[in-house]
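Computed from the coordinates by the stated procedures, all read-outs in this text should not be read as laboratory data. Everything numeric here is computed off the predicted structure, so don't read it as measured data. Counting neighbours? That spans all protein chains shown, and the Cβs are built from the backbone with ideal geometry, glycine included.
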Amino acid sequence: MTHDWNDDGAFDRAVLALSTADDSEAELFIYLSDATNNRMQLALHKKNIAWVGGLWGALPSITTNGRGSLIVNVANDSIGRNRWSQKLTIAYRKQVFMVAGYTYMARDTLNPDYQLDCDVNLLTGRGIKNAKLFQSSTKAMLLSGWSDAAIHKDCQ
């Protein structure tokens, strides 16, 4: 995935790769360009950014949104009765990568009445869970310090 996150006029690169230590985890590498010498430097390496299920419907991916933020997509849409998807919105602000948003959706394939939809803007603290607004105490944080435990209390 390429994008000019540092606004120097040259493309930067994000790579999602299978962990060499644990094949059920993915690692994220973000390289920033240096337009003065046409080189890329590793700006961030985040281990265990995503779960890897190994089957179709359980493989992580990265995309960008309309504002240029990096989106890490993780899901289980193929294994067991509990299906879920998670999106981390990663923004480049003040020369650091931050987790700026979190989206989590879950459903139970054997209980059609159960559904969880949760979206939190960590820059403002505003969230919506199953069509009800809430204020999150969790704020945007450095991607290097992110773990799933940081947000799950709001989206359970």
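Other residues lying with their Cβ under 15 Å from the Cβ of Gln156 contribute a combined charge of -1, Lys and Arg counting +1, Asp and Glu -1. For the chain, the fraction of C-alpha pairs farther apart than 28 angstrom is 24 percent.
Full extension of the chain between Arg93 and Ile71 gives 6.4 nm of extra length, using 0.36 nm per residue less the Cα-Cα distance. Summing charges over all other residues whose Cβ lies under 12 Å from the Cβ of Ala35, with Lys and Arg as +1 and Asp and Glu as -1, gives -4.
On a 21 Å Cα-Cα criterion, which of the cross-link pairs Lys47/Lys129; Lys94/Lys132; Lys94/Lys139; Lys94/Lys153; Lys46/Lys129; Lys94/Lys129 come out too long? Beyond 21 Å: Lys47/Lys129; Lys94/Lys132; Lys94/Lys153; Lys46/Lys129; Lys94/Lys129.
Amide H to amide H, with H built 1.01 Å from N, Val52 comes under 5 Å of Glu25, Ala26, counting only residues 5 or more places away or on other chains.
Here is the tail figure for the stretch 18-69: Cα pairs spaced more than 17 Å apart come to 52 percent of all pairs. A simple spin-label model places the labels of Leu42 and Gln135 4.2 nm from each other, with each point 7 Å out along Cα-to-Cβ. Label-to-label distance for Leu123 and Phe29 is 2.9 nm, based on points extended 7 Å past Cα in the beta-carbon direction. Can you check what the net charge comes to around Gln135, using other residues whose Cβ is under 14 Å from the Cβ of Gln135 (Lys, Arg +1; Asp, Glu -1)? Summing Lys/Arg as +1 and Asp/Glu as -1 gives +3. Between the stretch 1-57 and the stretch 92-146, the C-alpha centres lie 22 angstrom from each other. Here the residues Lys132, Lys46, ranked from fewest to most Cβ neighbours within 10 Å of their Cβ, fall in the order Lys132, Lys46. Among Ile90, Ile71, Ile79, whose mean-square fluctuation peaks in a Gaussian network model of the chain (Cα, cutoff 10 Å)? Checking each option, the largest mean-square fluctuation is seen for Ile79.
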